[in-house]
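J.: Handing you this structure, nothing more for now.
The values are calculated or read from the model by the stated rules, or taken from the named source; none is laboratory data. Since we're looking at a predicted model, the values are computed, not measured. Backbone-built Cβ (ideal geometry, glycine too); neighbour counts: all protein chains shown. Remember, those area values only see protein heavy atoms, side chains included, never the ligands or the DNA or RNA. Shrake-Rupley method; radii C 1.70, N 1.55, O 1.52, S 1.80 Å.
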There are 2 protein chains.
Amino acid sequence: MEKYLAVLKEYHFKITPRRKAVLELFLRQKRYLGPYEIKQMLGKASLEVGLPSIYRILEELEGAGILIKIEHSSRRLYYSLCRKPHIDHHHFVCSKCNRVEEVEFCNFSEISSFIEEKLNAKVQHHSLRIEGLCSQCRRKKSL
Amino acid sequence: MEKYLAVLKEYHFKITPRRKAVLELFLRQKRYLGPYEIKQMLGKASLEVGLPSIYRILEELEGAGILIKIEHSSRRLYYSLCRKPHIDHHHFVCSKCNRVEEVEFCNFSEISSFIEEKLNAKVQHHSLRIEGLCSQCRRKKSL
DNA sequence: CTATAAATAGAAATCATTTCTATTTACATT
DNA sequence: AATGTAAATAGAAATGATTTCTATTTATAG
Ligand SMILES: [Mn+2]
Ligand SMILES: [Mn+2]
Ligand SMILES: [Zn+2]
Ligand SMILES: [Zn+2]
């Protein structure tokens with residue numbers, strides 16, 4: 001937690017109860033959370049936070065490299081703690097239960113240089129999304 | 001065109017003026033089009049088509065493998081003709097002008113088996129999005 | 001030609017996200 | 001500790017892409 005508050009200070013963000021509460025939530029729940037879900041969880045802990053504030057805080061934390069965002073195929077936004085900054089964050093999404101897992105492995109350099117040559121473009125970022133059945137759903141399916 | 005109408009028949013879709021008009025549009029414009037843009041272009045050609053119809057037709061054509069969809073980071077949907085069915089359709093999106101180009105090259109098998117082992121999951125699909133500057137925007141930037 | 005299921009238009013609803021503005025708060029500075 | 005100020009926030013309202021609903025029209029099989 002202290003580590004993250006320090007990052008916030010670096011970025012000249014004030015340390016507010018809402019920002020701390022959102023951070024704590026992500027530290028406790030080690031998974032992807034959506035804005036409304038976050039509002040509800042904070043509400044249960046008796047901290048009412050407006051949705052616009054939540055959206056803003058999530059964006060700020062993402063900008064500071066604390067959270068990573070995933071645009072789910074349901075077209076909703078989800079965020080989770082960024083365990084390792086400065087590495088690629090790719091995702092495996094279960095097509096059955098929507099669970100999201102991070103994928104670190106990625107051999108991208110070959111594709112990247114292929115594209116720069118073929119399209120004469122400058123590659124900046126890339127993101128890989130893998131869809132399939134997570135271990136749980138895979139098991140259920142075969143029952 | 002005949003080729004695509006045959007596919008529609010295969011899928012038991014009726015050949016209607018709207019569906020033909022949408023297909024013709026994609027055959028003429030060799031690029032990604034959004035639903036509203038499509039409505040406007042058809043309107044100029046004096047064929048009024050409701051947006052719900054356009055959304056439905058696009059989904060149907062995608063289901064039949066005629067169109068491919070991209071969920072743009074603007075969170076809007078775009079479609080373009082699928083030149084080669086049964087191959088991966090990955091995308092390069094210009095972060096400046098939003099131009100979309102298809103990327104066929106993809107060495108995915110290594111990542112796929114890594115994930116299946118590591119997560120004990122079953123991989124079904126994958127999509128790769130590369131962002132950067134297209135050749136035109138790259139040139140402008142250096143001017 | 002007719003019957004019928006599919007396709008369509010248009011209005012309305014949905015709903016995640018964003019914008020706006022008045023009020024409150026963190027915290028740097030006295 | 002008190003104060004001033006920019007930043008943060010709530011809440012209401014707007015936005016806007018997409019979807020739903022339903023009455024009407026149409027493609028096409030027989
Ligand atoms: Mn990567
Ligand atoms: Mn691929
Ligand atoms: Zn699952
Ligand atoms: Zn460009």
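J.: Residue check: is B:Ile68 facing chain A (nearest Cβ under 9 Å), closer than 30 Å to A:Glu104 by Cβ and outside any loop (DSSP other than H, G, I, E, B)?
T.: Spelling it out, it is not the case that B:Ile68 is facing chain A (nearest Cβ under 9 Å), closer than 30 Å to A:Glu104 by Cβ and outside any loop (DSSP other than H, G, I, E, B).
J.: Turning to a different aspect of this structure: Residues in segment A:82-90: is at least one facing chain B (nearest Cβ under 7 Å) and part of a loop (DSSP other than H, G, I, E, B)?
T.: No.
J.: Now a separate question. Among the listed residues B:Tyr36, B:Tyr79, B:Tyr4, which satisfies the condition of being surrounded by fewer than 15 Cβ atoms within 10 Å (Cβ to Cβ) and touching a helix residue (DSSP H, G or I) at 6+ places or on another chain (Cβ under 8 Å)?
T.: Answer to the selection: B:Tyr36.
J.: Could you list all residues from segment B:91-104 that are assigned to a loop (DSSP other than H, G, I, E, B) and open to solvent by less than 60 Å² (accessible area, probe 1.4 Å)?
T.: Within segment B:91-104, B:Ser95, B:Cys97 qualify.
J.: Something else now. Mind checking whether some residue in segment A:19-26 is in a helix (DSSP H, G or I) and exposed (fewer than 13 other Cβ atoms within 10 Å of the Cβ)?
T.: No, there is no match, as no residue in segment A:19-26 is in a helix (DSSP H, G or I) and exposed (fewer than 13 other Cβ atoms within 10 Å of the Cβ).
J.: Please state which one of A:Phe108, A:Phe92, A:Phe114 is of a type outside the set (A, V, I, L, M) and in contact with a Phe, Trp or Tyr (Cβ under 8 Å, 6 or more places away or on another chain).
T.: Criteria check complete, one pass: A:Phe114.
J.: A follow-up question, please. Would you check if A:Ser73 is closer than 16 Å to B:Ser127 by Cα and not β-branched (Val, Ile, Thr)?
T.: For A:Ser73, the condition - closer than 16 Å to B:Ser127 by Cα and not β-branched (Val, Ile, Thr) - is met.
J.: Which of the residues belonging to segment A:91-107 are more than 11 Å from every other protein chain (Cβ to nearest Cβ) and away from DNA strand C (no atom under 16 Å from the Cβ)?
T.: Correct list: A:Cys97 only.
J.: To continue, here is another question. Would you tally the residues in segment B:27-53 being assigned to a helix (DSSP H, G or I) and within 18 Å of B:Met1 (Cβ to Cβ)?
T.: 5
J.: Being open to solvent by 60 Å² or more (accessible area, probe 1.4 Å), away from ligand 4 (no atom under 16 Å from the Cβ), of a type in the set (S, T, N, Q) and within 28 Å of the chain's Cα centre (by Cα) is the filter here; which residues of segment A:114-143 pass it?
T.: A:Gln136
J.: So, one more: Suppose the filter is under 15 Å from the mean Cα position of the chain (by Cα) and aromatic (Phe, Trp, Tyr); does B:Phe92 pass it?
T.: yes
J.: Could you identify the single residue in A:Gly65, A:Gly50, A:Gly34 that is of a type outside the set (Val, Ile, Thr), in the same structural domain as A:Met1 (by TED's automatic domain parsing) and touching a strand residue (DSSP E or B) at 6+ places or on another chain (Cβ under 6 Å)?
T.: A:Gly34
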